[in-house]
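First comes the structure, then the notes that go with it.
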Amino acid sequence: MSRGAERCGVSQSAASQHVQEVERRLGVALFDRSKRPLDLTAAGRLYADFCRDVLRREEELTHVLESMKVESLKGDVEGAVRVVSIYSTGLSEMGRLQEEFSLRYPTAQLLVEYMRPDQVYEAVRNDAADLGLVSYPESSREIAAIPWRSEEMQVAVPPAHPFADRAAVYPADLNGQDFIAFDEDLSIRRELDRYLRAQGIEVKTVMHFDSILMIKEAVGLGRGISILPARTMQAEIAQGRIVAVKLNAPDLVRPVGIVHRKRKKFNRAAQAFLDLLVGERADEPGNRNGRESREPVSGVNGVGGVL
């Protein structure tokens, strides 16, 4: 009786009084009080089965009502959500996200623009966008950052490179290699430089670009190797233009996050898209790579691969 009272959040005295009230109303004893510990009578077992059935049916009813509510809300989510994204994430993710969002909320609009990281923060800060997608997200007095996913970094090499036939390379193997880097003002460049220094690795930087697209092109032309997020190289790998080699450095990842202005009041479309993004975090580490886009993304203002 005391354990039951505790689970129900009432005192033992209140629980005993409730049982006695039920017994009075039904006109039967539910417990055999001559035994220790207490045991159910035949009527008590029947009543317990009845209660379990009621609770089960209540759960089923709640589930059905929630399903009906979700279906009815699909038509209620209207308006537009404005999203700004770095190029690499936008190009690899937005087609799939557009498809999923359109299926869930057919009367809402997803408007996307691709920008450099500093421009993403500026657009969110100035309320020119509801949400932003950036790598190495940072919070500030005005900006809130929500972790979204961590992307494995791998070594990108041309097909003729000696590394191309290896299953994996160690950081020390990169010593002295011709390296195609990111521009120095990008967070990913600073993080990679910090990592290589910590490992005691010196590479020969022969080129540097502000976009993954240009780095992949240079690697494919045999100008050097690089370190890139694995998920951004899938198209080139399938075309045989680049080989991605696993780097034995499990702590080397590119974090990608969602940013928005603090105390931002989202409309229903923006809140629905944010819920979609946050819900995808449970899909790590696969991140639904196998799904393809059927719908074009609206609002795109360029192409590239800026981190």
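Here are a few things to note about the model shown:
- Qualifying residue in segment 126-144 (condition: surrounded by 15 or more Cβ atoms within 10 Å (Cβ to Cβ), on the phi > 0 side of the Ramachandran plot and in contact (Cβ under 8 Å) with a residue 40 or more places away in the chain): yes
- Pairs, first free of Cβ contacts under 8 Å to residues at least 24 places away in the same chain in segment 41-62, second surrounded by 11 or more Cβ atoms within 10 Å (Cβ to Cβ) and in a helix (DSSP H, G or I), C-beta under 8 Å, six or more apart: A43/L26
- Entry remark, segment 145-177: residues being assigned to a helix (DSSP H, G or I) and open to solvent by 70 Å² or more (accessible area, probe 1.4 Å) number 2 in total.
- Any chance R104 is at pLDDT below 95 and within 28 Å of V259 (Cβ to Cβ): yes
- Listing of strands (runs of 3 or more DSSP E) fully contained in segment 76-140 that carry 1 or more residues being of a type in the set (A, V, I, L, M) and under 17 Å from the mean Cα position of the chain (by Cα): 79-85, 131-135
- D275 among the acidic types (D, E), open to solvent by 10 Å² or more (accessible area, probe 1.4 Å) and closer than 22 Å to S102 by Cα: yes
- Options R223, R263, R241: the member that is without any contact (Cβ under 8 Å) to a residue 40 or more places away in the chain and either part of a loop (DSSP other than H, G, I, E, B) or polar (S, T, N, Q) (or both): R263
- Of all residues in segment 1-34, those satisfying the criterion of being hydroxyl-bearing (S, T, Y) and over 21 Å from F50 (Cβ atoms) are S2, S11, S13, S34.
- Failed criterion for D32 (all others in (1) at pLDDT 85 or above; (2) surrounded by 15 or more Cβ atoms within 10 Å (Cβ to Cβ); (3) touching a helix residue (DSSP H, G or I) at 6+ places or on another chain (Cβ under 9 Å); (4) not hydrophobic (A, V, I, L, M, F, W, C) hold): (2)
The values are calculated or read from the model by the stated rules, or taken from the named source; none is laboratory data. What you are looking at is a predicted structure, and each value in this text was computed from that prediction instead of being measured. Cβ sites come from the backbone with ideal geometry, for glycine too, and all protein chains shown count toward neighbours. Keep in mind that these areas ignore ligands, DNA and RNA; they rest on the heavy atoms of the full protein, side chains included. Shrake-Rupley method; radii C 1.70, N 1.55, O 1.52, S 1.80 Å.
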